[in-house]
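A.B. asks: Submitted below is the structure of interest, expressed as structure tokens.
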Amino acid sequence: MFPRQQFVSKLINEVISTILKTNKANATTIQSKVYTFIRRSVTDNYPSDILCFPHQEVAINAIHSTWLISLNPYYYDTKASYVLSILLVKNRLPIHGWVYDDLSSNLFHADKGSGAYVNGKRILRDELMSLREAEIRIHSSFLRKEQPQNPVYQRVRQTELPTALEICAVAEGNADIFLSINQPPYEFAAASLIAKEAGVQVMTLEGKELSFGKNSSVWCGVV
């Protein structure tokens, strides 16, 4: 039986292959095929583990390892791309996180206490940005519909990319702050571990610890 880290690396490669083979199908069909494949693969190798997908409530168990898994479609030039997020929780603590972006082919990964990586290269944010200079990205859900679409300050940008990618962008250094509201744990769980291991603060807008069991606001930054 493979160690889980090695097993997940192989699993992600199989998911990528599945997406490529079925790229003409609609997003719902691709999600269904990927979730079915992941469920079968994990269950065959780790039958006592608990799997949680976006259509289910998160059920983190203190005894058995728990997987939070999501395949989130987003659109670039009208073409669907996908973000795969996997968080492995043990003893109610996040220990391994992966975020794969189908569009850029970037694979982010972190093990608790061992740092964060993108495509095998270490990422670390050890600077403290001034708010006056920070590149700020705000999810569209955070803004009212009547809010101007093109902010005066170009360093403040509205985004509709998946939350996992925005958090990883801060971890990688492509942004300095990301804010959003009412995000499901499947969106932020794996990415938040990656960001924390990269030296980035991640919390709710109220400054509290994120909960992997319920929806939450998200503040992520190095300010």
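The values are calculated or read from the model by the stated rules, or taken from the named source; none is laboratory data. Predicted model only: the values in this text are computed from it and were never measured. Don't worry about glycine lacking a Cβ; one is built from the backbone with ideal geometry, like all the others, and counts go over all protein chains shown. Protein only, heavy atoms only, side chains kept; ligands, DNA and RNA dropped before computing areas. Shrake-Rupley method; radii C 1.70, N 1.55, O 1.52, S 1.80 Å.
A.B. asks: Could you check how many residues of region 36-48 are in a helix (DSSP H, G or I) and either surrounded by 13 or more Cβ atoms within 10 Å (Cβ to Cβ) or in contact (Cβ under 8 Å) with a residue 60 or more places away in the chain (or both)? Let's see the steps before the verdict.
C.D. replies: Narrowing region 36-48 to residues in a helix (DSSP H, G or I): 36-45.
Subsequent filtering for residues that are either surrounded by 13 or more Cβ atoms within 10 Å (Cβ to Cβ) or in contact (Cβ under 8 Å) with a residue 60 or more places away in the chain (or both) retains 37-39, 41-42, 45.
Number of matching residues: 6.
A.B. asks: Test each condition in (1) in a strand (DSSP E or B); (2) at pLDDT below 95 for TYR186 and report the one that comes out false.
C.D. replies: (1)
A.B. asks: Here's something else I'd like to know. If you scan region 173-193, which residues turn out to be acidic (Asp, Glu) and in contact (Cβ under 8 Å) with a residue 60 or more places away in the chain? Give the steps one after another, and end with the answer.
C.D. replies: To start, the set of residues in region 173-193 that are acidic (Asp, Glu) comprises 176, 187.
GLU187 - this is the single residue of region 173-193 that is acidic (Asp, Glu) and in contact (Cβ under 8 Å) with a residue 60 or more places away in the chain.
A.B. asks: Have a look at VAL58, VAL99 and point out the one that is open to solvent by less than 10 Å² (accessible area, probe 1.4 Å) and either within 28 Å of GLU209 (Cβ to Cβ) or not in a strand (DSSP E or B) (or both).
C.D. replies: Working: VAL58 fails: open to solvent by less than 10 Å² (accessible area, probe 1.4 Å).
Of the residues listed, the single one that is open to solvent by less than 10 Å² (accessible area, probe 1.4 Å) and either within 28 Å of GLU209 (Cβ to Cβ) or not in a strand (DSSP E or B) (or both) is VAL99.
A.B. asks: Identify all residues within region 19-35 that are of a type in the set (Val, Ile, Thr) and either modelled with pLDDT of 95 or more or surrounded by 17 or more Cβ atoms within 10 Å (Cβ to Cβ) (or both); write none if there are none. Please lay out each step first, then the result.
C.D. replies: Quick first cut of region 19-35, residues of a type in the set (Val, Ile, Thr) only: 19, 22, 28-30, 34.
Selection gives ILE19, ILE30, VAL34.
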